[in-house]
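Student: Structure in structure tokens, see below.
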Amino acid sequence: MQTTIEEASAWRRKVSDFVGYGTVTATIAILFFFLVLPVSVIMARAFFNNGEFTFRYFPLLFSNELLMGSIWNSVLIGIVTTFFTSLLSFPLALINARFDFKGKALLSGLLLVPMVMPPFVGAIGIMRFFARRGSVNLTLMDWGFIDSPIDWLGPDSMFWA
């Protein structure tokens, strides 16, 4: 009887390891195909023209006022955001770490809000995207693939499977 329990436990461990490695492998593959590969192709095309190494496209980038304005705007927003975030967060972190006071748990919770909010915002976006009158259904109806909207998020939907 003991061997059967040990064998079952070993089998569960093997399945768990397989699922874990499978999940990690799938995640790495998705990141590679949807992040690393496209960026690599863009970078290769930026530096190579007809198989020859070149900087030909960069003067075009820097001479375009709209693109340069966008780049400088992004840099400015990044610098200002980093400065004000640091100005606010360092003192709050020091106060939270070094002192015990009434409302410390509330402050700790509020400090986590910026890290917790993005998944909720993403979920709201996905819900609007797949809603009955969302982008997916409107596009499919516009292209003539479907006549009436599909309830992607409904309780009987295959979307949840």
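The values are calculated or read from the model by the stated rules, or taken from the named source; none is laboratory data. Just so it is clear, the structure is predicted and the values come from calculations on it, not from any experiment. In this analysis, Cβ positions are derived from the backbone assuming ideal geometry, glycine residues included, and neighbour counts consider all displayed protein chains.
Residues are listed down the side, and each one gets a yes or a no for (1) modelled with pLDDT under 85; (2) over 21 Å from the mean Cα position of the chain (by Cα); (3) surrounded by 10 or more Cβ atoms within 10 Å (Cβ to Cβ):
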| position | (1), (2), (3) |
| --- | --- |
| THR27 | no, no, yes |
| LEU37 | no, no, yes |
| ASN50 | no, yes, no |
| GLY69 | no, yes, yes |
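Student: For MET43, indicate whether it is farther than 28 Å from VAL113 by Cα, assigned to a helix (DSSP H, G or I) and not assigned by TED's automatic domain parsing to the domain that holds LEU107.
Tutor: Spelling it out, MET43 is indeed farther than 28 Å from VAL113 by Cα, assigned to a helix (DSSP H, G or I) and not assigned by TED's automatic domain parsing to the domain that holds LEU107.
Student: Take VAL121 and decide whether it is surrounded by 10 or more Cβ atoms within 10 Å (Cβ to Cβ) and either modelled with pLDDT of 90 or more or out of contact with any Cys (no Cβ under 6 Å at 6 or more places or on another chain) (or both).
Tutor: no
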